[in-house]
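Just so you know, all these numbers are worked out from the coordinates, no wet-lab data involved. What you are looking at is a predicted structure, and each value in this text was computed from that prediction instead of being measured. Cβ placement follows ideal geometry from the backbone for every residue including glycine, while neighbour counts extend to all protein chains displayed.
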Amino acid sequence: MNNESILRKIKKLEHKISCKLGTPFENQPRPTRTQMQIMEYMLEHKDEIILQRDLEEILNTSRATVSSVLKTMEKYKLIDRVTDETDTRTKRIKLNEESKKIFEENKKKFAELESQLIKDIDPKELDIFLKVLNKMKDNICKFPLPDVSNDLTVSCFVMFSVYQYIAHLL
């Protein structure tokens, strides 16, 4: 086995993937993985009323995180927040036409990139690779949370983020 660490190789792969995805529109950054998950969920449930608290449960994340993601999406005009007719304290979240277009373009880019990533890889090798990724994910989840000032925290976070990103593509 080569001396380069697994984390470094994963980070390099993540960087190459990000570079290949590029930016869909000049005035907007590429949607984040979380934004794409939100758009996908909203498109799949387009006939339902979707509230912020629903997204908190679906994404299994905090209110603050979802709020921040939605604020960014609103800033880039990916979503509209509409006051609920039955409860004026509640804001419904709706995708607009621009966000649907961005989602579909990014989904197409992801599919093309995924095809390129697995090109010429034997299905058995790919299956082994996915099993190894799952084991790494399980291992990282068992890893005790060290002090935030520790460099290892960043490396573990990067590895876990890259794993989720790659798993989302595959």
Tell me, how many Å apart are the Cα centres for the range 72-94 and for the range 109-136? 37 Å
Of all trypsin sites (Lys or Arg not before Pro) in the range 101-133, the ones in DSSP coil with at most 14 other Cβ atoms within 10 Å are Lys119
Partners for Lys142 among lysines (Cα-Cα distance below 20 Å; same-chain residues under 8 apart left out): Lys131
Just in the range 17-125: which GluC sites (Glu not before Pro) are loop by DSSP and have at most 16 other Cβ atoms within 10 Å? Glu26, Glu48, Glu85
Give me the lysines in straight-line cross-link reach of Lys107: C-alpha distance below 23 Å, same-chain residues under 8 apart excluded. Lys11, Lys12, Lys16, Lys20, Lys46, Lys71, Lys75, Lys77, Lys94, Lys119
Distance in nm between label sites at Thr72 and Gln52, each 7 Å beyond Cα in the beta-carbon direction? 1.6 nm
